1. Going out from 0 in 10 Å bins, what whole percent of all Cα-Cα distances in the chain drops into each bin?
2. Quote to one decimal, in nm, the extra length available between residue 42 and residue 79 on full extension: 0.36 nm per residue of separation minus the C-alpha distance between them.
3. Can you count the Lys pairs in the chain whose Cα atoms are under 19 Å apart, with each pair 8 or more apart or on different chains?
4. What percent does the relative contact order of the chain come to when contacts are Cα pairs within less than 8 Å and at least six residues apart?
5. With a Förster radius of 30 Å, plug the Cβ-Cβ distance of residue 103 and residue 24 into 1/(1 + (r/R0)^6) and report the FRET value to the nearest 0.05.
6. Length gain on complete extension for the stretch residue 52 to residue 31, per 0.36 nm per residue less the alpha carbon to alpha carbon distance?
7. Using the Cα centre of the chain as the reference point, and only Cβ charges (+1 on K/R, -1 on D/E), how large is the resulting charge dipole? Debye, rounded to the nearest 20.
8. Calculate for the chain the 222 nm mean residue ellipticity that helices alone would give, adding -39,500 (n - 2.57) per DSSP H run of length 4 or more and normalising by residue count, nearest 500 deg cm²/dmol.
Amino acid sequence: MGYSDFVFGKDIVLDEEAFSKAIADFDNLQSEMRSLRTDIEQMLSEIEQGFNTPAGRKFIESCKANLLKPLDDQVTVLQHISENIKQSNGEYKSVFEGYRQLNSKINSF
């Protein structure tokens, strides 16, 4: 196995549709996570009415901290990933367009 086998032995595949699907999927995940957070927050508000004691309030606050904050953190992570995918897609748009133009020229011969 020569040097060129290591350098050129693998193809890198960029799939424009995969970028678009990933962007849509992460946007949907963010929506679902926000919806879940809203549902849990409403449920805790309803439960809170029956826990109107010092211990009950402490329990509800603990639930909010341990249930809602991780959901907020997940939304932040999903947003970050989505933004990175969108940025990457934007960077590769010229590559995709150049490929389409080259392919069109080749096919027109």
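No value in this document is a laboratory result; all are computed from the given coordinates. Here the structure is a predicted model, which is why all the values come from computation and not from measurement. Glycine gets a Cβ as well: all are built from the backbone with ideal geometry, and neighbour counts include every protein chain shown.
1. 12, 24, 20, 17, 12, 9, 5, 1, 0
2. On the way: separation 37, 0.36 × 37 = 13.32 nm, distance 2.33 nm.
Between residue 42 and residue 79, full extension yields 11.0 nm more.
3. Details: 21/86; 21/93; 58/69; 93/105.
Within the chain, the lysine pair count is 4.
4. Numbers: 42 pairs, mean separation 42.5, N = 109.
Computed value for the chain: 39 percent relative contact order.
5. Values: r = 25 Å, r/R0 = 0.83.
Once rounded, the FRET efficiency stands at 0.75.
6. Numbers: separation 21, 0.36 × 21 = 7.56 nm, distance 3.18 nm.
Computed gain between residue 52 and residue 31 is 4.4 nm.
7. Numbers: 12 positive and 18 negative charges, 29 e Å.
Rounded to the nearest 20 debye, it is 140 debye.
8. Values: 3 runs with 93 residues, N = 109.
Rounded to the nearest 500, it is -31000 deg cm²/dmol.
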